[in-house]
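The values are calculated or read from the model by the stated rules, or taken from the named source; none is laboratory data. What you see is a predicted model; the values in this text were computed from it and never measured. Positions of Cβ are backbone-derived with ideal geometry, glycine not excepted, and every protein chain shown enters the neighbour counts. When the accessible area is computed, the model is the full protein with side chains, heavy atoms only, and any ligands, DNA or RNA have been set aside. Shrake-Rupley method; radii C 1.70, N 1.55, O 1.52, S 1.80 Å.
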Amino acid sequence: MRWGPRRPVAGAAIGLMVLSAIVLAGCGPAPLASDGRLPVVTTTTVLADMVRNVGGDLVAVSSLVPVNGDVHTFEPRPSDMGMVARARLLFMNGLGLDDWMTKTLGNAAQPGTPLVRLAEGLPGFTLLPGETATTANPHLWMDVAYAEGYADRIAAALAAADPAHAASYAARNATYQASLRQLDAWVREEIDSVPAANRRIVTYHDAFPYYARAYGLTIVGVAVPAPGQEPSAKYTAELIDAIRAADVKAIFSEAQFPAKLVHQLAAETGAQVVANLYDGSLGDPPVTSYEALIRWDTRQIVAALQ
Ligand SMILES: [Zn+2]
């Protein structure tokens, strides 16, 4: 699915009323950086890379969660208040991924600074269930077509914050969209090369349902109900049964999470462990961009499932 230009909308998402962008109350945005670039702050390195692609040299973008950090369990540091205070534009994912942005850091922003929740309220996005019946899974960007929606919204927000360069943001976004469409097609081809009977995976936490839905994988289970939460013995026993029943070849984890539990699952089931995927954060080279992250994960998944 592709999107054309759009304006911000308010929408309902699994019972939650969400606004696509909120403006923090008050009077007047922070100045431009001393080099004239638009200061932008994102919650994650993945979102920062998307902003860098659309904004180019016109923006100075920083991520609050560092490379190889975990967005779910991130605790803002005092220095993060200053970073937010200097921003002219803030981006978060929303849907519960990075609520600490509003809970802890929202008051640090200069009055009038827009805060855009990239995953919330975009038309054409079909949300999947989250940890509870009333929440949605927030990892939408793992479906590249949805990342295209993020980029469109980033381009619109940059143009609104810096209208003098609106044409540049639109042009850079068009180039980025073409690149993302190629990436989406590449992932599809790669996963199509996996024998259909092998396209079943288990992951550490529930970060891959949008990826799986888009590219034709089945997620048999996840090792932890949520990052930072220990599973019960009953939960793990049921997961082991499910892995055996589905004859899952590989259990995947992310580089920033402890690998002990997935090794235990593998020892019990004979599945292979692949503990170097990325989703919420960029990593060490070569995983230094969103596109590289998707290519890296896809290569690991395809190699393990052959
Ligand atoms: Zn996650």
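Set side by side, the residues Ala246, Ala233, Ala197 differ, and just one is over 26 Å from Val67 (Cα atoms), open to solvent by less than 50 Å² (accessible area, probe 1.4 Å) and among the small types (Gly, Ala, Ser), which is Ala246.
Could you check, for segment 205-213, whether at least one of its residues is of a type in the set (Gly, Ala, Ser), without any contact (Cβ under 8 Å) to a residue 60 or more places away in the chain and surrounded by fewer than 18 Cβ atoms within 10 Å (Cβ to Cβ)? No. Within segment 73-93, restricting attention to residues that are within 15 Å of the chain's Cα centre (by Cα) and at pLDDT 95 or above, the residue that is farthest from the ligand (Cβ to nearest atom) is Phe91. A count restricted to segment 153-178 and to residues that are exposed (fewer than 14 other Cβ atoms within 10 Å of the Cβ) and either under 21 Å from the mean Cα position of the chain (by Cα) or closer than 16 Å to Arg117 by Cα (or both) stands at 3.
A quick yes/no check of all residues on (1) within 16 Å of the ligand (Cβ to nearest atom); (2) over 29 Å from Leu32 (Cα atoms); (3) open to solvent by 10 Å² or more (accessible area, probe 1.4 Å); (4) not in a loop (DSSP other than H, G, I, E, B):
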position: Leu95; (1), (2), (3), (4): yes, yes, yes, no
position: Asp98; (1), (2), (3), (4): yes, no, no, no
position: Lys103; (1), (2), (3), (4): no, no, yes, yes
position: Asn107; (1), (2), (3), (4): no, no, yes, yes
position: Gly124; (1), (2), (3), (4): no, yes, yes, no
position: Thr132; (1), (2), (3), (4): yes, yes, yes, no
